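Read the structure below first, then the notes.
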Amino acid sequence: MKEQLKLLYELQALEQKKMRLVNQKSNIDAGEVRHLWQEICLITQDVATIREKRECLEKVCTRQQDDLAEITKQCEADENKLYSGNITKLKELEERKTKCEAKRREIAGFENEILNNMEFCDKLLADINEQEEILAKKRQEHGLGQQELVKQLAHFEQQLSELETSCRSLEKQVDNKLLLRFRDLARRLPNPVAKVENNACSACRVSIPSSQLSRGGSELLYCEHCGRLLLVD
Ligand SMILES: [Zn+2]
């Protein structure tokens, strides 16, 4: 009887350990990895927006350069006419000269605008590169985090499976009726097998009468206070 109770006590300890592991497994924190993924998604969106903005601005620059070339050509043609010597009237000459000067100012302003836009394009490209670098780092971190999670889970699975095997093997060694009794008690009491330590129940600490203890060798003893099966060492 004592050997059987010892096996049950062992089974109980293993099942407790199993429960702790299941708890730990469910507490594995995937929060950090999830947070990293959200960051990656946000930065990716940002980069796409900047890229789009830069492409638009590049098109604007190209169009502006075409326009500038056209205006410059016109201006040069006007200036050629102005200095060709064919215009003899002073008033017309003055008027045309004023017009040419105004055009030159317009061209200078236009060149400035294009330059600013091109500088902004360069700045956007630098931003994109910077964000891409951050993204690469975060992707790497995320990959490692995921690997770590998978490793942790596998570790728990392995331990749980080993415990499961040990439990099954113990169950086979315990008498069926006793096992049923144990399972029945376990539905009402956590850890239904208690040891007798210093003549008291190890679970509720209430003393066991010595008259009861003396019967321990031949029959099942229960703690009269908490109802647990008693294993007398
Ligand atoms: Zn008790």
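So, E219, is that one of a type in the set (D, E), within 16 Å of the ligand (Cβ to nearest atom) and at pLDDT below 95 or not? Even if it seems obvious, please write down each step before you answer.
Details: of a type in the set (D, E): yes; within 16 Å of the ligand (Cβ to nearest atom): no; at pLDDT below 95: yes.
Criteria not met by E219.
Can you tell me which residue among L163, L230 is within 16 Å of the ligand (Cβ to nearest atom) and either under 30 Å from I50 (Cβ atoms) or surrounded by 12 or more Cβ atoms within 10 Å (Cβ to Cβ) (or both)? Steps first, answer last, please.
Numbers: L163 fails: within 16 Å of the ligand (Cβ to nearest atom).
On inspection, the qualifying residue turns out to be L230.
Does C61 satisfy being in a helix (DSSP H, G or I) and either in the same structural domain as L213 (by TED's automatic domain parsing) or buried (at least 16 other Cβ atoms within 10 Å of the Cβ) (or both)? It would help to see each step written out before you state the result.
Details: in a helix (DSSP H, G or I): yes; either in the same structural domain as L213 (by TED's automatic domain parsing) or buried (at least 16 other Cβ atoms within 10 Å of the Cβ) (or both): yes.
So C61 fits the description; yes.
Find the residue count for segment 121-148, including only residues that are over 25 Å from A30 (Cα atoms) and either modelled with pLDDT under 95 or out of contact with any helix residue (DSSP H, G or I) (no Cβ under 6 Å at 6 or more places or on another chain) (or both). Please lay out each step first, then the result.
Looking only at segment 121-148, we keep the residues that are over 25 Å from A30 (Cα atoms), and these are 121-130.
From what is left, the residues that are either modelled with pLDDT under 95 or out of contact with any helix residue (DSSP H, G or I) (no Cβ under 6 Å at 6 or more places or on another chain) (or both) are 122-123, 125-126, 129-130.
Of the residues in segment 121-148, 6 are over 25 Å from A30 (Cα atoms) and either modelled with pLDDT under 95 or out of contact with any helix residue (DSSP H, G or I) (no Cβ under 6 Å at 6 or more places or on another chain) (or both).
Go through (1) modelled with pLDDT of 95 or more; (2) outside any helix (DSSP H, G or I) for E55 and report which single condition fails.
Here E55 clears every test but (2).
Return only the number of the condition from (1) free of Cβ contacts under 8 Å to residues at least 24 places away in the same chain; (2) within 9 Å of the ligand (Cβ to nearest atom); (3) touching a helix residue (DSSP H, G or I) at 6+ places or on another chain (Cβ under 8 Å) that R205 does not satisfy.
Of everything listed in (1) free of Cβ contacts under 8 Å to residues at least 24 places away in the same chain; (2) within 9 Å of the ligand (Cβ to nearest atom); (3) touching a helix residue (DSSP H, G or I) at 6+ places or on another chain (Cβ under 8 Å), R205 misses just condition (3).
Of L124, L115, which residue is touching a residue at least 40 places away in the same chain (Cβ under 8 Å) and either in a helix (DSSP H, G or I) or surrounded by 15 or more Cβ atoms within 10 Å (Cβ to Cβ) (or both)? Even if it seems obvious, please write down each step before you answer.
Values: L115 fails: touching a residue at least 40 places away in the same chain (Cβ under 8 Å).
Testing whether each residue is touching a residue at least 40 places away in the same chain (Cβ under 8 Å) and either in a helix (DSSP H, G or I) or surrounded by 15 or more Cβ atoms within 10 Å (Cβ to Cβ) (or both) leaves just L124.
Among the candidates L185, L213, which residue alone is within 16 Å of the ligand (Cβ to nearest atom), in contact with a Pro (Cβ under 6 Å, 6 or more places away or on another chain) and touching a residue at least 12 places away in the same chain (Cβ under 8 Å)? Spell out the reasoning first.
Numbers: L213 fails: in contact with a Pro (Cβ under 6 Å, 6 or more places away or on another chain).
Step by step, each of L185, L213 is checked, and only L185 is within 16 Å of the ligand (Cβ to nearest atom), in contact with a Pro (Cβ under 6 Å, 6 or more places away or on another chain) and touching a residue at least 12 places away in the same chain (Cβ under 8 Å).
Can you name the condition, by its number, that I50 falls short on among (1) under 30 Å from L125 (Cβ atoms); (2) of a type in the set (V, I, T); (3) without any contact (Cβ under 8 Å) to a residue 40 or more places away in the chain?
The one condition I50 does not meet is (3).
I'm trying to understand the selection: among the residues of segment 145-202, which are farther than 15 Å from L14 by Cα and either assigned to a loop (DSSP other than H, G, I, E, B) or among the β-branched types (V, I, T) (or both)?
V150, D175, L189, V196, N198, N199, S202
Here are L179, L229, L221, L163: which of them is without any contact (Cβ under 8 Å) to a residue 40 or more places away in the chain and among the aliphatic types (A, V, I, L, M)? Walk me through how you get there before you give the answer.
Details: L179 fails: without any contact (Cβ under 8 Å) to a residue 40 or more places away in the chain; L229 fails: without any contact (Cβ under 8 Å) to a residue 40 or more places away in the chain; L163 fails: without any contact (Cβ under 8 Å) to a residue 40 or more places away in the chain.
Exactly one of L179, L229, L221, L163 is without any contact (Cβ under 8 Å) to a residue 40 or more places away in the chain and among the aliphatic types (A, V, I, L, M), namely L221.
Which residue out of R51, R63, R34 is of a type outside the set (F, W, Y) and over 30 Å from M118 (Cα atoms)?
Values: R51 fails: over 30 Å from M118 (Cα atoms); R63 fails: over 30 Å from M118 (Cα atoms).
Only one candidate qualifies: R34.
Please name all residue pairs, on different chains or six or more residues apart, with Cβ atoms under 8 Å, provided the first residue is in segment 2-18 and is buried (at least 16 other Cβ atoms within 10 Å of the Cβ) and the second residue is assigned to a helix (DSSP H, G or I) and among the acidic types (D, E).
The qualifying pairs are L11/E171; K18/E164.
The values are calculated or read from the model by the stated rules, or taken from the named source; none is laboratory data. Keep in mind the model is a prediction, meaning the values are calculated, not measured. We place every Cβ from the backbone using ideal geometry, glycine too, and count neighbours over all the protein chains shown.
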